[in-house]
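Written below as structure tokens is the structure these notes are about.
The values are calculated or read from the model by the stated rules, or taken from the named source; none is laboratory data. Here the structure is a predicted model, which is why all the values come from computation and not from measurement. FYI the Cβ positions are ideal-geometry reconstructions off the backbone, even for glycines, and counts take in every protein chain you see. Heavy atoms of the whole protein, side chains included, go into the accessibility calculation; ligands, DNA and RNA do not. Shrake-Rupley method; radii C 1.70, N 1.55, O 1.52, S 1.80 Å.
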Amino acid sequence: MNVIRVPDYEAMSKRAADFLTARIKELPSPVIGLATGSTPKGMYKQLIHACRMEKISFRHVTTFNLDEYIGLPASDPNSYHSFMRKTFFQHMDIPPEQIYIPDGEAVLLENECTRYESLIDKKGVDVQVLGIGQNGHIGFNEPGTPFDQTTHVTTLTDSTRQANARFFSSIESVPKQAITMGIASIMKSREILLLASGPHKAEAVARLFSGNVLEAFPASVLQDHPHVTIIVDDEAFSLVSRKEEKYD
Ligand code: F6R
């Protein structure tokens, strides 16, 4: 894993945007996997700025989002469709037909999972952007998710619902299920860019560097991927050396 240490969130966001910009410029039809959450927001801001300054264009880019809540209409302000539209897509020049996000309102959820995975296979993701949950989840692959699972319906853990409750009026209104790309879907990406910032991610980052690949800690699977870059700020990196021995 290629580790890029940066001082803070701002620097992480800039480096991540530069990283994606380089790939988007060098590939003829880039396919980029995207994440929601607080971590990539700064990166999206940087990319929007670059697009406004005409330093980058997303006209030839296809995107796949990692996940979507089940039961929230795409128009709900807390759906990941809305998050992506507000935070990124409405400010970019990407054609809507090149944007893929799982449909959390599908009547036949299993069919939706199969459809989404087939699209991923057909297009092939060049770079998948990931955040990391405090419990080591990537996408909504919670601890214990088998590494061979592709896109599937998952039940969110209480800790993930608690962590995401900040966007909702109450914990009760946080959906209990989501559609997520599986670990196997994520591992098919040619390249992975994981971002981590802040003291609340320090435990998870330390564990990621511990050397053990365990389904109990989903992000550890990235150690088996041949092309991973991690952009991590000082606070998120702060426990790495101390914790390394603990998880051996
Ligand atoms: C988001 C996603 C999640 C987040 C993770 C970290 O699409 O799949 O795995 O990346 O929960 O979230 P933040 O960035 O809000 O700390």
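Summary table
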item	result
Some residue of region 58-65 being open to solvent by 50 Å² or more (accessible area, probe 1.4 Å) and within 16 Å of the ligand (Cβ to nearest atom)	no
From the options Ala165, Ala184, Ala202, residue that is small (Gly, Ala, Ser) and within 23 Å of Thr62 (Cα to Cα)	Ala184
Asn78, sole failed condition from (1) outside any loop (DSSP other than H, G, I, E, B); (2) under 19 Å from Thr36 (Cα atoms); (3) touching a residue at least 40 places away in the same chain (Cβ under 8 Å); (4) open to solvent by 30 Å² or more (accessible area, probe 1.4 Å)	(1)
Residue match in region 191-205 (condition: more than 19 Å from the chain's Cα centre (by Cα) and more than 16 Å from the ligand (Cβ to nearest atom))	no
Region 81-94 - residue that is of a type in the set (A, V, I, L, M, F, W, C) and part of a helix (DSSP H, G or I) and, of those, farthest from Gly182 (Cα to Cα)	Phe89
Test for Arg5: is it within 22 Å of Pro226 (Cα to Cα), in a helix (DSSP H, G or I) and of a type in the set (D, E, K, R)	no
Tally, over region 33-70, of residues that are among the charged types (D, E, K, R), touching an Asp or Glu at 6+ places or on another chain (Cβ under 8 Å) and within 15 Å of Asn141 (Cα to Cα)	1
Gln134 within 15 Å of the chain's Cα centre (by Cα) and within 15 Å of the ligand (Cβ to nearest atom)	yes
Yes/no for Asp8 being open to solvent by 20 Å² or more (accessible area, probe 1.4 Å) and within 16 Å of the ligand (Cβ to nearest atom)	yes
Among residues of region 29-57, those that are within 16 Å of the ligand (Cβ to nearest atom) and part of a loop (DSSP other than H, G, I, E, B), counted	6
Answer from Glu97, Glu110, Glu117 - the residue that is more than 14 Å from the ligand (Cβ to nearest atom), open to solvent by 40 Å² or more (accessible area, probe 1.4 Å), in a helix (DSSP H, G or I) and touching a residue at least 40 places away in the same chain (Cβ under 8 Å)	Glu110
